[in-house]
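A short worksheet on the structure shown next.
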Amino acid sequence: MKAAVVEALDRSPRYVEFADPAAGDGEARVKVGAAGLHQIVRSLAGGKHYRSADDLPFVPGVDGVGRLDDGTRVYFGPTRPPYGSFADYSITQPWLCVPLPDALDDVTAAALANPAMSARAALMRAKFVAGESVLILGATGVAGQLAVQMARRLGANKVVAAGRNPHALAKLRTLGADTVISLEQAEPALVESFRAAMAEANADVVLDYLWGTPAECLLRAIARQGPGRAASRIRHVQIGSMAGEALSLSAATLRGSGLELLGSGFGSASLDELLKAVRELFAEAAQQPFALAAEAVPLSEVGSAWNRSESGVRLVFVP
């Protein structure tokens, strides 16, 4: 079969021939129709993710949309190494396959599943309830834009969106954000912007796709909320690390606030929880589509498209 194949961790995958997969006992073969190029895919393929594999070569791709041998159209993932979803065929397990509503086409479903699931699962991790307020750190990417919509649909009282892209920030107001914060500020000014927004929105949950310096500034703002805010719970859910893998956290921030640090991802959320989230979002998207920009790209162009900047558009490879 044809596939995108990672042959070295410091190079883009190549579109080459790869051994056809055969389903073993308790497995299902999927004829792939579309697979999204998510940030986690790049991280895994580059050896930068905590779940990256050492064995080369392999086919990247964590999930996708396709048809089982009986013709059923499904969303599927995770896959069995080395057969990721960027190929003509992949291998998974039947219980990891979710039938798709007819109203969702392959490209939209493949673009939507991973980023929207990350937002929904993170809100589940935070035990978010309608009426609470949410701050989204890294809201201008595809996942962040979906998180704004997800929080609003689930009944958020206020949604604060922080990001770098000015055009995308302006768009976020039409997607449900009450307040937007530009991350293109000097650190002292950014801390004050976060502090003012946290106080005005009385934010209960933070969805953090960035970590690094932006998260440091936000945590400094939380630590300076004052005695009246100290007893309130603020659940900071760490989802991604686009701005850095580490940060400096003072002990006083934890002692002087109601801050709770959580993670959301493979290992902190179960596959059952993630599949529950994806089933719910597919059903919802079929009834009321999410605002989502997706671009279908032939899998044969994986080498040239691999390092393209996201810019608010999710690339979806089509075999």
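None of the figures in this text is laboratory data; all of them are computed from the coordinates on show. Predicted, not measured: the structure shown is a model, and the values here were computed from it. So basically every Cβ, Gly included, is an ideal-geometry build from the backbone, and we count neighbours across all protein chains shown.
How large is the dipole of the chain about the Cα centre if only Lys and Arg carry +1 and Asp and Glu carry -1, each at its Cβ, rounded to the nearest 20 debye? All intermediate terms of the calculation are to be shown ahead of the outcome.
Values: 31 positive and 33 negative charges, 194 e Å.
The calculated dipole for the chain is roughly 940 debye.
For segment 175-226, rounded, prolate or oblate, judged on the Cα gyration tensor with a ≥ b ≥ c (square roots of eigenvalues), a/c < 1.5 rounded, else prolate if a/b > b/c? Numbers along the way, then the final one.
Numbers: a/c = 1.33, a/b = 1.11, b/c = 1.19.
Rounded is the answer for segment 175-226, as its axis ratio a/c remains below 1.5.
So if each residue of separation counts as 0.36 nm, and I subtract the Cα-Cα distance between Leu249 and Arg80, what length gain in nm does that give? Please list the in-between numbers first.
Numbers: separation 169, 0.36 × 169 = 60.84 nm, distance 3.74 nm.
Full extension from Leu249 to Arg80 adds 57.1 nm.
Which percent, to the nearest 5, of DSSP beta bridges fully inside segment 115-263 are antiparallel?
Values: 0 of 21 bridges.
Looking only at bridges with both residues in segment 115-263, the antiparallel portion is about 0 percent.
So which lysines can Lys31 reach, going by Cα to Cα under 16 Å and dropping same-chain residues fewer than 8 places off?
Lys2
Where does the chain land at 222 nm, in deg cm²/dmol rounded to the nearest 500, when only DSSP H runs of n ≥ 4 count, each adding -39500 (n - 2.57), divided by all residues? List each step's numbers first, then the result.
Numbers: 10 runs with 106 residues, N = 319.
For the chain, the value works out to -10000 deg cm²/dmol.
How big is D for segment 115-263, in µm² s⁻¹ as a whole number, if Stokes-Einstein is applied with the Kirkwood radius of its Cα pairs at 37 °C and 0.692 mPa s?
On the way: Rh = 14.7 Å.
For these conditions, the coefficient is 223 µm²/s.
Alpha carbons only, please: Rg and Dmax for the chain, in angstrom.
For the chain, the Cα-based Rg and Dmax read 19.9, 63 Å.
Rounded, prolate or oblate for segment 1-134? Axes are the square roots of the Cα gyration tensor eigenvalues, ordered a ≥ b ≥ c, and the cut-off for rounded is a/c under 1.5.
Working: a/c = 2.03, a/b = 1.29, b/c = 1.57.
Oblate is the answer for segment 1-134, as a/c is 1.5 or above yet b/c matches or exceeds a/b.
If you place +1 on the Cβ of every Lys and Arg, -1 on the Cβ of every Asp and Glu, and leave all else neutral, what size is the dipole of segment 78-216 about its Cα centre, to the nearest 20 Debye? Walk me through the numbers on the way to the answer.
On the way: 11 positive and 13 negative charges, 48 e Å.
For segment 78-216, the charge dipole is close to 220 debye.
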